[in-house]
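Input: a single structure, listed below in structure tokens.
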Amino acid sequence: MKIVFMGTPDFAVASLDALVQASFDVVAVVTAPDKPAGRGQKLNESAVKKYAVEKGIPVLQPEKLKNPEFLEQLRSYKADLQVVVAFRMLPEVVWNMPPKGTINLHGSLLPQYRGAAPINHAIINGEKESGVTTFFLTHEIDTGNIILSDRTPITDEENAGDLHDKLMHIGANLLVKTLKAIEAGEVNEQPQPQSGDLKHAPKIFKDDCKVDWNNKAETVYNLIRGLSPYPTAFTFLNDKTLKIFKAEIEDKEPGIAAGGFLTDGKTYLKFAAKDGFIKLLDIQYEGKKRMLIEDFLRGMRL
């Protein structure tokens, strides 16, 4: 099978590498255009592009996926199958191109958590289990027939970064298994339920990251885990933004208003939620670098 791989971040590199290591014929890679980044606005290449260049795989970086020139280039590779991992939404003219279709690896147990941020939302909602799913692309986002899935537990301490790394490797293995099944003609695809008690995973915006201290401590704790290390939950302290990367629950009646805080000025800073405290452990105060709470308190009077 000739395969065109589409993806951009590190999450996708693990899958691409797994296909290369399993000797699949990856004839081209489609990834995001280079973007200016940092102070010097130096052009930054995607993780997938860096990997593909290193392996000598041709790279396509279209600004627009309906661009006739890009479509012509894509057709010229005569791919039997396209594989999508952490890429943007494809128009039908692209996903419908190869004879064996286009498959996607998604970071949730579909049909749950369709959307752009499945890993974050699973932890924000306090799920005890997550996983990855491979499926055929169709018109509606993340709704195509399921090929295979694999699950993994989520511990109470894991954050979105931990789960991301775990699913990245589980997903890469599942993708190889999926492609072998397609190649052997042994796919038993299952339609997804399109309704019922479905949880969604929409894109996360800045307002979604602000901590509401009127919530229960567990809800706040899960929000912090689900947004760490990125895009990061935040609150305000002395009218400045305080990002929270790691915290723990202190399970006792606050005795102060939600959003108020207590500190000894040396070892702890804890905010009151509705039914307990959230003790901050790893933070970043506006204008400063990320640091442990003891280091922050050493240089700060509250």
Exercise for review: Determine which aspartates and glutamates satisfy two conditions relative to K64: a Cα distance under 20 Å, and not lying fewer than 8 residues away in the same chain.
Suggested key: D34, E45, E72, E92, E140
Practice item. Note the angle between two axes, namely the Cα long axis of helix 217-226 and the longest principal axis of the Cα atoms of the chain, as a number of degrees from 0 to 90, rounded to the nearest 10. Key: 40 degrees
Study note, to complete from the structure: Within region 103-143, the residues whose backbone N lies under 16 Å from a label point placed 7 Å from the Cα of N173 along the Cα-to-Cβ direction are 130-134
Check your understanding: Can you give the net charge of the other residues whose Cβ lies under 10 Å from the Cβ of L43, counting K and R as +1 and D and E as -1?
Key -> 0
Review point. Where in region 17-86 are there GluC sites (Glu not before Pro) that are in a DSSP coil and have at most 13 other Cβ atoms within 10 angstrom of their Cβ?
Key: E63
Exercise for review: Determine how many Å³ per residue the convex hull of the Cα atoms of region 22-174 encloses.
Suggested key: 138 Å³
Review point. Quick one: Karplus J couplings for region 123-134, per residue in order, coefficients 6.51, -1.76, 1.60, θ = phi - 60°, nearest Hz, x for Gly and Pro?
Key: 6, 4, 7, x, 5, 9, 8, 9, x, 10, 9, 9
Revision key, fill the gap. Rh_Kirkwood(the chain) over Cα pairs, Å, one decimal, evaluates to 21.2 Å
Practice item. For L109, enumerate residues with amide H under 5 Å from its amide H, sequence gap 5+ or separate chain, H modeled in the peptide plane. Key: G131
Revision key, fill the gap. Nearest 10, in degrees from 0 to 90: the angle of helix 160-183 to the longest Cα principal axis of the chain is 20 degrees
Exercise for review: With a 10 Å radius around each residue's Cβ, average the other Cβ atoms per peptide and rank 17-26, 256-265, 144-153, 158-167, highest first.
Suggested key: 158-167, 144-153, 17-26, 256-265
Review point. Quick one: putting +1 on the C-beta of Lys and Arg, -1 on the C-beta of Asp and Glu, what dipole do you get for region 33-140 around its Cα centre, in Debye to the nearest 20?
Key: 260 debye
Review point. What value, in deg cm²/dmol to 500, does the helix sum -39500 (n - 2.57) over DSSP H runs of n ≥ 4 give at 222 nm once divided by the residues of the chain?
Key: -8000 deg cm²/dmol
Revision key, fill the gap. For region 235-242, in residue order, the Karplus 3J(HN,Hα) values (coefficients 6.51, -1.76, 1.60; θ = phi - 60°; whole Hz; Gly and Pro = x) are 9, 10, 9, 6, 6, 10, 6, 10
Point to revise | Assigned charges on the beta-carbon of Lys, Arg, Asp, Glu; the chain dipole about Cα centre (debye) | key: 900 debye
**Study point:** trypsin sites (Lys or Arg not before Pro) restricted to DSSP loop in region 18-111 with at most 14 other C-beta within 10 Å
**Key:** R39, K64, K66, K78, R88
Review point. What translational D, rounded to a whole number of µm²/s, comes out for region 109-229 from Stokes-Einstein when the hydrodynamic radius is the Kirkwood one over Cα pairs, at 4 °C and 1.567 mPa s?
Key: 84 µm²/s
**Study point:** Per-selection Kirkwood Rh - region 160-201 (Cα, Å, 1 d.p.)
**Key:** 12.9 Å
**Study point:** Cross-link reach list, lysines versus K206, counting only Cα pairs under 24 Å and skipping chain neighbours closer than eight places
**Key:** K35, K216, K240, K243, K246, K270, K274, K279, K288, K289
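Here, each number is a calculation from the coordinates, and none is a lab measurement. In this text, all values refer to a predicted model and were calculated from it rather than measured experimentally. Neighbour counts run over all protein chains shown; Cβ positions are idealised from the backbone, glycine included.
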